[in-house]
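First comes the structure, then the notes that go with it.
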Amino acid sequence: MRLRIPFATTALVAGLLSAAQASADPVDLTMYYPISVGGALTDVIDNLVDEFESEHPDISVEAIYAGNYDDTRVRTMSAIESGDTPQLSVMFSIDLYELIEQDAIVAFDDLVETDEEREWLDSFYPGLMENGQLDGNTYGIPFQRSTIVLFWNKDAFEAAGLDPETPPENWQEMADMASTIREASNGDQWGVMVPSTGYPYWMFQAFAFQNGHRLMSEDGTEVYFDDPAAVEALEYWVSLATEHNAMPDGTIEWGTLRQNFIEQSTAMMWHTTGNLTAVRNEAGFDFGVAMLPMNTQRGSPTGGGNFYIFKNASEEEQRAAMTFIRWMTAPERAADWSIETGYMGVSPAAYETDALREYVESFPPAAVARDQLEYGTAELSTYQGGRIRRTLDNAVQAALTGQMEPEAALNQAQREADAILRRYAR
């Protein structure tokens with residue numbers, strides 16, 4: 001006998017099945033991310049996303065490479081304005097003030113629900129959290145984070161009669177060693193190169209901080225570009241070329257400097273630790289990595305990108321985004337990411353994993369950027385950050401190219417920055 005099922009019951013069952021099927025569909029996330037170093041990091045990101053999705057079939061992540069940090073900021077802000085906001089992005093840690101001003105991001109403090117999640121939020125190196133926190137709330141989670149480090153060619157040092165195991169400890173030693181290398185090579189090799197395109201403000205901030213000076217206020221409303229200690233720092237940078245003949249005149253390209261070092265055009269370079277693995281894979285000579293040389297103190301600003309979650313995402317999407325971010329920053333993944341790239345493991349627990357502990361033991365340069373955090377400072381970050389950094393970039397490049405004296409260039413940058421920040425004064 002055939003069982004007759006009333007139409008209403010059939011419709012109810014179909015509805016329940018449809019609802020069950022809908023709940024089984026994955027939460028779809030879109031994430032923009034930048035790359036500003038060498039190496040096939042898009043492949044690394046894609047592999048991580050694939051692994052995450054295999055473990056979390058209820059969450060789908062479309063990871064979109066958006067260019068460098070500035071490109072990623074522009075693309076993300078354009079998407080927000082057009083109403084096509086991604087659920088999360090990796091962006092500059094120093095984009096915080098702009099994102100706050102646009103009311104674009106959510107504080108992780110508002111998303112954590114359990115003691116375990118709170119422990120995760122408190123698990124990162126404090127020095128990496130400075131650029132991601134404001135008024136007691138955390139808006140950015142460290143991911144591809146760095147400090148500037150000194151790379152040196154040990155073979156070039158030895159050829160110049162220098163101790164290949166002893167990098168410069170201070171500004172004077174760096175200038176002297178770089179000049180010695182230039183002379184010993186009969187002009188075929190530069191002693192040192194510091195990039196002055198891409199992120200010249202970042203390199204200048206390192207010089208200024210090593211001279212005991214902080215460039216901005218903690219609340220992002222003031223900058224101090226024209227302080228005598230800052231002027232002295234820029235004068236030293238310029239002098240590497242003009243007085244010591246140790247560095248090329250003019251600007252030095254961020255994007256090609258790593259290759260210059262690989263090709264032994266320069267015996268030393270300042271660059272992000274994010275290039276470490278690429279240098280290790282490509283260098284045909286023995287090299288070392290050290291903390292930056294000091295003047296009155298050691299120091300480097302931190303740098304790199306943080307994860308952000310956007311307010312326009314639904315509550316379900318925000319929870320899924322946090323699940324993904326927690327997975328990506330777990331000690332095991334942070335360790336693997338550090339090994340693959342040279343970026344820092346973002347938490348002490350990452351360096352306690354077998355993988356990263358053994359890697360550091362076999363390759364000590366992998367710990368330099370982490371150890372330098374003890375002498376670190378937050379990267380230059382203010383309201384209207386892109387415009388403020390541009391004024392300083394222009395000043396640095398004007399001084400390095402001989403268009404302006406360092407003091408005049410920084411005075412002009414200060415006037416321009418003061419005008420931009422006037423409405424934020426407290």
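Note on region 71-114: residues that are within 20 Å of Ser314 (Cα to Cα), among the small types (Gly, Ala, Ser) and in contact with a helix residue (DSSP H, G or I) (Cβ under 9 Å, 6 or more places away or on another chain) total 2.
Considering only residues in region 40-59 that are of a type in the set (Val, Ile, Thr) and under 18 Å from Ala334 (Cβ atoms), the one that is modelled with the highest pLDDT turns out to be Val49. Scan region 382-416 for residues that are open to solvent by less than 40 Å² (accessible area, probe 1.4 Å) and in a helix (DSSP H, G or I) and report the count. Residues in region 382-416 being open to solvent by less than 40 Å² (accessible area, probe 1.4 Å) and in a helix (DSSP H, G or I): 17 in total. One residue stands out in region 84-111 among those that are more than 11 Å from Phe310 (Cα to Cα), in contact (Cβ under 8 Å) with a residue 60 or more places away in the chain and over 17 Å from the mean Cα position of the chain (by Cα): the one that is surrounded by the fewest Cβ atoms within 10 Å (Cβ to Cβ), namely Glu101. Restricting attention to region 25-48, the residues that are more than 16 Å from Ser314 (Cβ to Cβ) and crowded, with 20+ Cβ neighbours inside 10 Å total 10.
Here the condition is being touching a Gly at 6+ places or on another chain (Cβ under 7 Å) and touching a residue at least 60 places away in the same chain (Cβ under 8 Å); of Asn275, Asn260, it holds for Asn275 alone.
Residues of region 262-276 that are assigned to a helix (DSSP H, G or I) and surrounded by 24 or more Cβ atoms within 10 Å (Cβ to Cβ): Thr273, Gly274, Asn275, Leu276.
In region 116-138, the condition of being part of a loop (DSSP other than H, G, I, E, B), among the polar types (S, T, N, Q), open to solvent by 10 Å² or more (accessible area, probe 1.4 Å) and modelled with pLDDT under 95 is met by no residue.
Scan region 175-211 for residues that are buried (at least 20 other Cβ atoms within 10 Å of the Cβ) and among the hydroxyl-bearing types (Ser, Thr, Tyr) and report the count. Going through region 175-211 one residue at a time, the tally reaches 3. The residue that is most open to solvent (accessible area, probe 1.4 Å), among those in region 315-353 that are free of Cβ contacts under 8 Å to residues at least 60 places away in the same chain and not in a helix (DSSP H, G or I), is Glu352.
For Glu222, state whether it is at pLDDT 95 or above and farther than 18 Å from Asn295 by Cβ.
So Glu222 passes the test.
The condition of being of a type outside the set (S, T, N, Q), within 24 Å of Asp371 (Cβ to Cβ), open to solvent by 70 Å² or more (accessible area, probe 1.4 Å) and assigned to a helix (DSSP H, G or I) holds for only one of Arg258, Arg214, Arg280, that being Arg280.
Looking only at region 56-78, filter to residues that are hydrophobic (A, V, I, L, M, F, W, C) and without any contact (Cβ under 8 Å) to a residue 40 or more places away in the chain; which one of those is surrounded by the most Cβ atoms within 10 Å (Cβ to Cβ)?
Ala66
Of a type outside the set (Gly, Ala, Ser), open to solvent by less than 20 Å² (accessible area, probe 1.4 Å) and either under 30 Å from Trp171 (Cα atoms) or more than 19 Å from the chain's Cα centre (by Cα) (or both): is that true of Met294 in this structure? So Met294 does not fit the description; no.
Within this structure, Glu379 passes the test of being in a loop (DSSP other than H, G, I, E, B) and either touching a residue at least 60 places away in the same chain (Cβ under 8 Å) or surrounded by fewer than 18 Cβ atoms within 10 Å (Cβ to Cβ) (or both). Residues in region 217-252 that are in a loop (DSSP other than H, G, I, E, B) and over 27 Å from Glu98 (Cα atoms): 10 in all. You will find that of Val90, Val37, the residue that is under 29 Å from Gln133 (Cα atoms) and at pLDDT 90 or above is Val90 and no other.
The values are calculated or read from the model by the stated rules, or taken from the named source; none is laboratory data. Remember, predicted model here, so these are calculated numbers, not experimental data. Glycine also receives a Cβ, built like all others from the backbone with ideal geometry; neighbour counts cover every protein chain displayed. In case anyone asks, the SASA skips ligands and DNA or RNA and just uses the protein heavy atoms, side chains included. Shrake-Rupley method; radii C 1.70, N 1.55, O 1.52, S 1.80 Å.
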